[in-house]
Amino acid sequence: MTPLRLHNTMSGQVEEFAPLETGHVRMYTCGPTVHDFAHIGNFRTFLFEDLLRRMLRQQGYQVTQVMNLTDVEDRIIKKAADAGITIDEFTEKYIEAFFQDLDTLRIERAEQYPRATRHIFEMVGLIEVLNEKGHTYVSDGSTYFRIATFPRYGRLSHLDVSGLRAGARVDVDDYGKDDPRDFVLWKARKPGEQAWETALGAGRPGWHIECSAMSMEYLGESFDIHTGGVDNIFPHHENEIAQSEAATGKEFVRYWLHAQHLQDAVGEKMSKRLKNFSTLRDLLAEGYQPRAIRYALMTGAHYRSPLAFSPELLKAADSAIKRLDEFAVRLGPVAIDAKPPSEILQRWDGALRDDLNLPAAVGHLFDFIKTFNTRLEAGQATPDERAAAMAMLRHANRILDVIEFPGAVDAEVERLIAEREDARERRDFARADEIRQQLLAMGIQLDDTKDGPRWKRLR
Ligand code: AMP
Ligand code: ZN
């Protein structure tokens, strides 16, 4: 298998990828902060990770992917307290919504979704190791990482952080840090806050320690790939490296991959803070199809280039998908054991193996479709050629996952309805309901009539 080449933020180069363990990739992705619904900017990053995961699997690797859920941080604590409920009660709704959104966008599930609140003691354990090794200090009951004890700090972001020295204490936040670069590992409880009683005192973990503790818990002290959006590079990932490597003395991560931001129409990063965001739910309510959103966010630009979000982008995605669907229909019924034509296959795979260049791959695919359509119209395409073209479409769809092949949806709907009828017979109404929701996410509405279930497509 031709190797995959990936851009590593650490080296600033596109490098040939090889995992530490033959045939097995261990990968950690920074997940959502579940204080609200995720916005489509967040989903641009999660879709980039889906692309990476699918490509790794296509390369023949077994993938163990871990994505954390940040379910304790300032906004969550405040919003839960304002609502007079616990952190768990507050985050439940957003965690559930997040998983629904993943399904709507056909993002493959990671192997693990550890929650910060369920790993407090692993974090405390890691901080205790850092204490023993002299990397920390306590101020006003909170524990800090002392950056001065980790000379390699700043390698990932290639930033000169030496300018941020002690003395320039201008913008140090309300916690008492010795050096503005230092960051909090354990925050002492503030009045009225939900807290954990631990060996470090009553309090809660800082954000950065969460990802170090959970990634190493599930993937080991050294693993292959760590991903996130570019805003995670500094300080979050820089701090993760400092904590993890200071504790273990080993290289934490081999390849660091970062997705560029989704921007609004005027080039600002889409963010909750600027209120210039849309959630997936907003777009669905406006009538956009999930697969158009998936396609737009995945193919609108290479993952390392910013992408400006606009209704035009979604419209272009919609018509691209229509062309793919129509091409599948035009090819007609074909043999299913064919192989894709080697030239387009090599172009497609070649672009993707070159640092996941999906926009280029899609460009090649549409060139191929255009040429093939001319042959179809002239009645020149043989059944074997049509079967090969269909095989190419199926191959591309293992990554894109947006094409509706003729008959495929109906067959899947019928299968799910039969499974739901079974579940109802067993009086497993939870499962029956889950299937109804799954169908809804596929754009299928189910009605139970006296003649049995009937289904129809929404919009
Ligand atoms: P958060 O829920 O804020 O912790 O973010 C979850 C993920 O979304 C992180 O990997 C962020 O880097 C990423 N992210 C946040 N905003 C954007 C954006 N506008 N475009 C792309 N990714 C983003
Ligand atoms: Zn993280």
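The values are calculated or read from the model by the stated rules, or taken from the named source; none is laboratory data. Model, not experiment: these values are computed from the prediction. Cβ sites come from the backbone with ideal geometry, for glycine too, and all protein chains shown count toward neighbours. All accessible areas refer to the heavy atoms of the entire protein, side chains included, with ligands and DNA or RNA removed. Shrake-Rupley method; radii C 1.70, N 1.55, O 1.52, S 1.80 Å.
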Any idea how far the Cα center of the range 414-459 sits from the one of the range 274-345, in Å?
-> 27 Å
In whole Hz, with x marking every Gly and Pro, tabulate ³J(HN,Hα) for the range 68-73 from phi via Karplus 6.51 cos²θ - 1.76 cosθ + 1.60, θ = phi - 60°.
-> 7, 10, 7, 10, 9, 5
Cα coordinate range in the range 280-400, projected on the principal axes (Å, largest first) | 44, 32, 23
Once you've got the Cα coordinates, tell me which of Lys79/Lys187; Lys93/Lys272; Lys79/Lys190; Lys275/Lys315; Lys133/Lys250 are over 21 Å apart.
-> Lys275/Lys315
Taking 0.36 nm per intervening residue step and subtracting the Cα-Cα distance, what contour gain separates Gln445 from Thr2 on full extension?
-> 155.1 nm
Taking Cα pairs under 8 Å and at least six residues apart, what relative contact order does the chain come out at, in percent?
-> 16 percent
With only helices counted (DSSP H, runs n ≥ 4, each -39500 (n - 2.57)), the per-residue ellipticity at 222 nm for the chain, to the nearest 500, works out to -14500 deg cm²/dmol
Along its principal axes, what span do the Cα atoms of the range 1-120 show, with the longest given first and each in whole Å?
-> 56, 29, 24
Please report, in Å, the Rg and the Dmax of the range 5-259, where both are computed over Cα atoms only.
-> 18.2, 53
Ratio Rg/Rh [Cα only; Rh per Kirkwood] for the chain = 1.01
Per residue, how much accessible area does the chain have with a 1.4 Å probe, in Å²?
-> 46 Å²
May I have the convex hull volume per residue, in Å³, for the Cα set of the range 176-281?
-> 182 Å³
Note: Lys370 to Ser310 extended length (0.36 nm per residue) minus current alpha-carbon separation gives 19.0 nm
Please arrange Phe17, Phe99 by accessible surface area, largest first, computed with a 1.4 Å probe and ligands excluded.
-> Phe99, Phe17
Under the Debye formula (equal points on every Cα, no solvent term), log10 I(q)/I(0) of the range 408-457 at q = 0.13, 0.22, 0.26 Å⁻¹ = -0.25, -0.75, -1.03
If each K or R counts +1 and each D or E counts -1, the residues other than Ala360 whose Cβ falls under 12 Å of its Cβ total -2
Working with all protein chains in place, sort Ser271, Ser319 by solvent-accessible area computed with a 1.4 Å probe, largest first.
-> Ser319, Ser271
Going highest first, how would you order 215-222, 237-244 by mean Cβ packing within 10 Å?
-> 237-244, 215-222
Rounded to the nearest Å, what's the spacing between the alpha carbon centres of the range 34-106 and the range 181-205? Just the number, please.
-> 24 Å
Cα-centre dipole for the chain with unit charges at Cβ (Lys and Arg positive, Asp and Glu negative), debye to 20 = 740 debye
Hey, what did the range 5-259 get for relative contact order, percent, Cα under 8 Å, at least 6 apart?
-> 24 percent
So, in nm, how far is label Ala148 from label Lys456 when the simple model puts each one 7 Å beyond its Cα toward the Cβ?
-> 7.2 nm
Along the range 196-204, Karplus-curve 3J(HN,Hα) (6.51, -1.76, 1.60; θ = phi - 60°) to the nearest Hz, with x for Gly and Pro, reads 10, 8, 9, 4, 8, x, 6, x, 8
Any number yet on Rg/Rh for the range 23-87, C-alpha, Kirkwood?
-> 1.15
Determine, from the Cβ-Cβ distance of Glu414 and Arg330 and an R0 of 22 Å, the FRET efficiency 1/(1 + (r/R0)^6), rounded to the nearest 0.05.
-> 0.35
For the range 433-446, take each phi angle, set θ = phi - 60°, evaluate the Karplus expression 6.51 cos²θ - 1.76 cosθ + 1.60, and give the result in whole Hz per residue in order, putting x for glycine and proline.
-> 5, 4, 5, 4, 5, 4, 5, 4, 4, 7, x, 10, 9, 10
Ignoring ligands, DNA and RNA, how do Lys177, Lys315 rank by accessible area with a 1.4 Å probe, largest first?
-> Lys315, Lys177
